[in-house]
1. Can you tell me which of (1) open to solvent by less than 10 Å² (accessible area, probe 1.4 Å); (2) assigned to a helix (DSSP H, G or I) is the one CYS154 doesn't meet?
2. I'd like to know if the stretch 49-57 contains one or more residues that are among the hydrophobic types (A, V, I, L, M, F, W, C) and more than 21 Å from LEU169 (Cα to Cα).
3. When you go through (1) of a type outside the set (Gly, Ala, Ser); (2) within 16 Å of the chain's Cα centre (by Cα); (3) at pLDDT below 95 one by one for HIS153, which number turns out not to apply?
4. Of all residues in the stretch 100-134, how many are in contact (Cβ under 8 Å) with a residue 12 or more places away in the chain, under 18 Å from the mean Cα position of the chain (by Cα), within 23 Å of LEU207 (Cβ to Cβ) and part of a helix (DSSP H, G or I)?
5. Kindly establish whether LEU167 is touching a residue at least 24 places away in the same chain (Cβ under 8 Å), buried (at least 23 other Cβ atoms within 10 Å of the Cβ), aliphatic (A, V, I, L, M) and within 21 Å of ALA25 (Cα to Cα).
6. Suppose we keep only residues that are surrounded by fewer than 21 Cβ atoms within 10 Å (Cβ to Cβ) and in contact with a Leu (Cβ under 8 Å, 6 or more places away or on another chain) within the stretch 103-121. Which one would you say is modelled with the highest pLDDT?
7. Is it true that SER86 is touching a residue at least 60 places away in the same chain (Cβ under 8 Å) and of a type in the set (Gly, Ala, Ser)?
8. Name the single residue, out of those in the stretch 30-61 being crowded, with 17+ Cβ neighbours inside 10 Å and among the β-branched types (Val, Ile, Thr), that is nearest to TRP127 (Cα to Cα).
Amino acid sequence: MLKPIRLDFDKFIIVHFIVPFLLFAVVFAVLEFFRADLWITRHFYNASLHQWPYKEHWLVENVLHSGGRYLTYLLAAATMLSWLISFRSNSALYPYRRPLLFLLVSGISGPLIIVLLKSHTHVDCPWSLVLFGGDKPYIRLFDYMGNHLKAGHCFPAAHAGSGFTFLSLYFFLLLVKPDYKSYGLYFGLILGTVYGVAQQMRGAHFLSHDLFALAVCWFFSFILFMLFFRRQLQWT
């Protein structure tokens, strides 16, 4: 049985929702409306050779992209296995059945939402743009695309999202091992950032695509945490 956890409601909402939302809004606006996205991406594109030097680099493509995908699958499988084992009454994981279910649902839901959003947005990948050797115009998220163009489906970033989805470890540890919650935060941030930078280097995404994926994973984990553990959370 999970012990109740006492939290200051106002502080919790400010730290975990209001401040992250404001930071996300400001940084996303800078990237989108001041074209910081383009400035960052130009550092990964060789304009004189009209190519992305790191697009097929073994470390970026094979290790961080393909290998990273398998690492995510492995971690997801480990989470599911831990949840299944927790149903055994003699298991050390037995008291953590609900937190493990939260971890599993949150970890799957973030990437699924990102995939759903990708199917309804019109943003192209950098390597598809005329600016970087492709054949598509640069159209931002809130720009009107027109009926004569085929919609791109590159936003948000799915690969970065598969790393940022482990931000749910922060909320998991906040409940079961509060002293270690920061490690969950660092793990999700580092993994998602590594995945995201690798894809930016290849020309697959802009930084704003990764930032939006981070926001989806964080805020959805936050909402699920509030719903899953509303009985364990005691507000002051």
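1. Result: CYS154 passes all but (2).
2. Residues of the stretch 49-57 among the hydrophobic types (A, V, I, L, M, F, W, C): 49, 52.
Among the residues that remain, those that are also more than 21 Å from LEU169 (Cα to Cα) are: 49, 52.
Yes, there is a match, as at least one residue in the stretch 49-57 is among the hydrophobic types (A, V, I, L, M, F, W, C) and more than 21 Å from LEU169 (Cα to Cα).
3. Single failed check for HIS153: (2).
4. Final tally of qualifying residues: 7.
5. On the way: touching a residue at least 24 places away in the same chain (Cβ under 8 Å): yes; buried (at least 23 other Cβ atoms within 10 Å of the Cβ): yes; aliphatic (A, V, I, L, M): yes; within 21 Å of ALA25 (Cα to Cα): yes.
The answer is yes for LEU167.
6. Filtering the stretch 103-121 for residues surrounded by fewer than 21 Cβ atoms within 10 Å (Cβ to Cβ) gives 104-105, 108-109, 112-113, 115-121.
This time we only want the ones that are in contact with a Leu (Cβ under 8 Å, 6 or more places away or on another chain), so: 105, 109, 121.
Working: VAL105: 97, SER109: 94, THR121: 91.
Once the filter is applied, the top-ranked residue is VAL105.
7. Numbers: touching a residue at least 60 places away in the same chain (Cβ under 8 Å): no; of a type in the set (Gly, Ala, Ser): yes.
No.
8. In this case the residue turns out to be THR41.
The values are calculated or read from the model by the stated rules, or taken from the named source; none is laboratory data. This is a predicted model, so every value here is computed, not measured. Counting neighbours? That spans all protein chains shown, and the Cβs are built from the backbone with ideal geometry, glycine included. Calculation scope for accessible area: heavy atoms of the full protein, side chains included, ligands and nucleic acids excluded. Shrake-Rupley method; radii C 1.70, N 1.55, O 1.52, S 1.80 Å.
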